[in-house]
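As structure tokens, the structure follows; a few thoughts come after it.
The values are calculated or read from the model by the stated rules, or taken from the named source; none is laboratory data. Everything numeric in this text was worked out from a predicted model, so none of it was measured. So basically every Cβ, Gly included, is an ideal-geometry build from the backbone, and we count neighbours across all protein chains shown.
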Amino acid sequence: MSTSSYKKGDPYSHSASLPDKMTVFQECLQQFNASPVNAKKCRQLLSQLLRLIYSGESFPSQESTTLFFSISKLFQHKDVSLRQLVYLTIKELSSTSQDILMVTSSIMKDIQSGDLIYKPNAIRTLSKVLDPTTVSASERLFKNSLVDKNPIISSAALVSSYNLLPIAKDVVKRFTNETSETIDSYKKFPSDQFQLHEYYGSSTTNLPSTTFMYQYHALGLVYELRNHDKMSLKKLITSLTDHQALKNSLAVIQLIRFIHKILIDDESLIGQLFPILLSFLKHKSDSVELESCKVIISLQHLVNKYEFANVINCLQKLLNVPRTATRFAAIRLVNKISIKHPKEILTVNEELENLINDPNRSISTLAITTLLKTIGSGTIESESSIGGESVDRLINKMTSLMDEITEDFKIVIIEAIENLAIKFQSKHKKLVKFLTDLLRDDGSLELKTSIIDTLFDLIKFLKNDESKQLILMNLCEFIEDCEYTELSIRILHLLGDEGPKTSNPSYYIRHIYNRLVLENSIVRSSAVISLSKFAIICGGDVKTNIEILLNRCLNDIDDEVRDRATLSLKFIKNNEKRLIINESKFDLNILENKLIHYLNDESNFESKFDINEVPLLTMEELNSKEIENKLNNLDKNDDVEIESNHKSHQIEESNEISNELLKQQEFSSELSSIPEFSGYGKLSKSTLKPIYLTDKENEFVVTVNKHYFMESDDAKLVLQFNITNTLNHLILQNVSLICQPDNSLYEEDFILSIDELKPQETGIVYVVFNMPNIDDIELFNNFNNTLSYVNREIIDDNGNIDESDEGWSDEYPIEDLEILPGDFIHPIYNSNFTEIFDQLSFEQSTVVNLPGVKSLDNAVTHFKDLFNMMPLEGSQDLDSDANSHILKLFGKDIWNNKVAIQVRLALTGGKVAAKLSIKSDSDNVAKFIVESI
Amino acid sequence: MGQTFSFTNIFGKLFYTQKEIRILILGLDGAGKTTILYRLQMGEVVTTKPTIGFNVETLKYKNLTLNIWDLGGQTSIRPYWRCYYSNTAAVIFVVDSTDKDRIDIASKELHLMLKEEELLDSALLVFANKQDQPGALTAAEVSQALNLTELKDRSWSIVASSAIKGEGLTEGLDWLMDVIKDEQL
């Protein structure tokens, strides 16, 4: 959102009504330096100053410092309200002004012996003023405030300690005992707390004696202090839940989040921690119940169906409460479940139907989108009449609702329909009708764009030709009366691509020709291009007819239209198909990257930019990427919100997916810059996501990427080990790896080791193997890995090591690394699995039992990851109570052979058995995959 | 009319204690500035920590309102003294009489400070502090070390003091009040 639009929406930031910055500045200097100080006047000025700052104004460092020093002079006045404002202002100025440490002593004195009213302000400001050199002087003060009986002071100290963590972790660590003590303590407001405040005045009788908010603050701090120790964190959780120490619901919510974090790191703890989560489902606070539901939902794969029903019951209850916010949160969670497990929530359908008429439109919209999914799932395998009816009913309801709701909600519903249609392709017909009806109604460009986007996607991903035609014909109708030039152009382009492949191209030609007669020049010129595509693809009569039409365009009044017509006619005459129709596109991410690279250094300009370095993507590959992104977005939608560090991690991950090729390109240029690898030819494939060979919180964290160079005769495997030294007192020297392959066809070639790895540094060790090629079948291998290094201890604060001590060498075993079939395969999308499966000539099949895999869900993930192929026809989603499932995977190996695998899964007695049929263009590939299992 | 007007004006200056008198306490770190401030304000000895920044207290002394600023003496804080010079009626400069090694530095800081334009009209009172300790220089010796006799056009005085015992402080302050009252009339 742009700044200007933000300001428009915010009634408090009308710049017109803000006081003038310079006037306020001058007046502040004048009043604050006056003697005696006029407290009332100064309070007003400080308020104006704060208002300026809060609405986004800032002062340059020098002015800010001047202000700061003049404000510091107000410490001579005893007025408590003035002092509070002084603290607020100093806190705001602390980031821009210099020398803020000048008020340290004055603040510390206030904390020690000042008035209760501004003591918390003083504590909070102190944390902004302190720097690493002065923080130790305040240690005692903080400890006393932490254990203060007044909860407000204690909270201020807790929050301030939290803020001090980045600058003085060591000092704050010494507060651990005081902080833990605070969680368990009972602190209540002093009886006169509110009487001091004019706002509460006489009505002090009904006020709570404590809110336990300090528990929330203390818990946050304790967590930061123990974050790196999983055991002690676990102990904290169990001890806090054992005797139900937490009375504050925010604190409980925080605790639930910590449980979530621990479980993400170590799923095996679910047995111990699940009962705790379960107990929170019956809490008196809605928020706690919701948070607990949310965590269990995100860990659904670890929970069995019977236990999961508790969550559904809880949500069912929450859907009926009168509090709108709670209902909204609950239905969001229900919606989240519905994305992957629509069957689980069939029990709440009745509630959902009621919520369609909820006065809150956000709730009713979510209710509809959720219902769309549950009904879809109910009918996916059997087109029962009941299911069909309910879809009709729902669409009717939506149609009536559509008149009442705002466009934003319409767009949400349209998106839901798209997702639904992609996941459950059998349902598209009614949905297409719904969309096209909506398209005919009045609407803004934004709304129409989202409908058009959805229809475009459906054309791309639906396999049914009939429905494609239906959409195309509706689009033709739409452009007959379309007021938005940009939409007309997009549709014309699409018609040019898809129209010629249909059974009745002349229908579309007529509509396109109408554009040539009726529309503005921009639309006319794109109609020319569109028509020429029909000519070149259909040939025959169509070609001659279009040539006649285009000849007429040669007299058009607009240059562009004439130019395009002339050009197209020439191409059609010479049958230059390639010049009219794009069969492949450049990868835009990489193109951009390369161009930036090229433009950054003028010395590059001596040679021409080499467009051949940018890989071409065929339409097929492009579609695969698009649908993959779509499905991923669908799944990731809700996970993103979890927690800060987790969040960044996940965003990284989703970026990784969208930039897969970019990443590959990065590896490729990184590797080609290393002289030792220069003769290896083109990098065939890398595994993009680093594989962890240690725990993420170990002393040394090792991840690995595999790079395959398969194009030259002697294939090479380069293992890139990324090693991070997390120890603060050790420098590692001669860091290397010992990799023992099981397969004798792998021979170690050489190792590029790291000379020195300082604390908190990450270095890369490359280990290079000669590897067998595809003809050898026995491609697979297991590497047994050990890290070897020389320890050198750091003896002073500057990170120097004792030169006389030679250190000692050590070895550190890390996990094994496997070569997997997925390393050689790219996922590819295709809308019709069965057809392609039948076409492929070489077949192999095998049956395996999967030890350790206990559910079909896990088995699907297992195979998807193992083969790195794309599940087609929605076969990655399965019913939670099914005992068998068919997974359809499709991909392309690095030798450009298509590979399709059909996996029949069966669950018996808690064990999963799988029968795989592998088909491919090449016998070798099929064999090597069988071999791998 | 005019006569009455100017009369109240003079009258106000004389008897109204409304106008606060701003006094700075300066000196090297560890000289005893904070101890002197609180000895004056509360009449007792408090335990102090090195002042990071300043302490400010208001006290009534002989019907006058004094606004006393005690600025930290550490090397890192001295540069900021000048931010508090304006409108200062008097400077109390505190010297640790036992710290012979650093008395030259004290002298340098003192003269540097007195050169500031904003302090041209301020009176100067020097406390030769820590007289209770053995080996303390006398007031005369301190005066010589600080080159006080060189000061022209300024009311100044040096008083031997012990903040711990409370000796010399009132004498010094009395002198200061007299000078300030004179100057304000």
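Observations
- Single unsatisfied condition, residue A:113 versus (1) in contact with a strand residue (DSSP E or B) (Cβ under 8 Å, 6 or more places away or on another chain); (2) surrounded by fewer than 19 Cβ atoms within 10 Å (Cβ to Cβ): (1)
- Some residue of the range A:605-613 being more than 30 Å from residue A:457 (Cα to Cα) and over 44 Å from the mean Cα position of the chain (by Cα): no
- Residues being more than 9 Å from chain A (Cβ to nearest Cβ) and surrounded by fewer than 21 Cβ atoms within 10 Å (Cβ to Cβ) - total across the range B:49-66: 6
- Number of the exception - residue A:30 against (1) within 14 Å of chain B (Cβ to nearest Cβ); (2) surrounded by fewer than 17 Cβ atoms within 10 Å (Cβ to Cβ); (3) not in a helix (DSSP H, G or I): (3)
- Every condition in (1) over 14 Å from the mean Cα position of the chain (by Cα); (2) under 29 Å from residue A:133 (Cβ atoms); (3) of a type in the set (Val, Ile, Thr) holds for residue B:68 except the one numbered (1).
- Some residue of the range A:796-806 being part of a strand (DSSP E or B), in the same structural domain as residue A:730 (by TED's automatic domain parsing) and modelled with pLDDT under 75: yes
- Residues of the range B:122-153 that are of a type outside the set (Val, Ile, Thr), surrounded by fewer than 14 Cβ atoms within 10 Å (Cβ to Cβ) and farther than 14 Å from residue B:97 by Cβ: B:147, B:150, B:152, B:153.
- Qualifying residue in the range A:599-614 (condition: in contact with a Phe, Trp or Tyr (Cβ under 9 Å, 6 or more places away or on another chain) and surrounded by 13 or more Cβ atoms within 10 Å (Cβ to Cβ)): yes
- Checking residue A:382 against (1) in a loop (DSSP other than H, G, I, E, B); (2) within 31 Å of the chain's Cα centre (by Cα); (3) modelled with pLDDT under 70, the condition it does not meet: (2)
- Residues within the range A:260-319 that are of a type in the set (Lys, Arg) and under 27 Å from the mean Cα position of the chain (by Cα), tallied: 2
- Each residue in the range B:67-82 was checked for being in contact with a strand residue (DSSP E or B) (Cβ under 9 Å, 6 or more places away or on another chain) and within 11 Å of chain A (Cβ to nearest Cβ), and 9 of them qualify.
- Some residue of the range B:90-109 being within 14 Å of chain A (Cβ to nearest Cβ), crowded, with 18+ Cβ neighbours inside 10 Å and outside any helix (DSSP H, G or I): yes
- Residue in the range A:722-745 that is assigned by TED's automatic domain parsing to the domain that holds residue A:779, at pLDDT below 80 and of a type in the set (D, E, K, R) present: no
- Complete set of residues in the range B:76-87 that are at pLDDT 90 or above and farther than 17 Å from residue A:98 by Cβ: B:85
- Residue match in the range A:2-14 (condition: of a type in the set (Phe, Trp, Tyr) and at pLDDT below 85): yes
- Given (1) within 11 Å of chain A (Cβ to nearest Cβ); (2) crowded, with 17+ Cβ neighbours inside 10 Å; (3) not acidic (Asp, Glu), index of the condition residue B:46 fails: (2)
- The criterion of at least 2 residues that are touching a residue at least 40 places away in the same chain (Cβ under 8 Å), within 14 Å of chain B (Cβ to nearest Cβ) and touching a Cys at 6+ places or on another chain (Cβ under 9 Å) is met, among helices (runs of 4 or more DSSP H) falling completely within the range A:42-135, by A:61-72, A:80-93.
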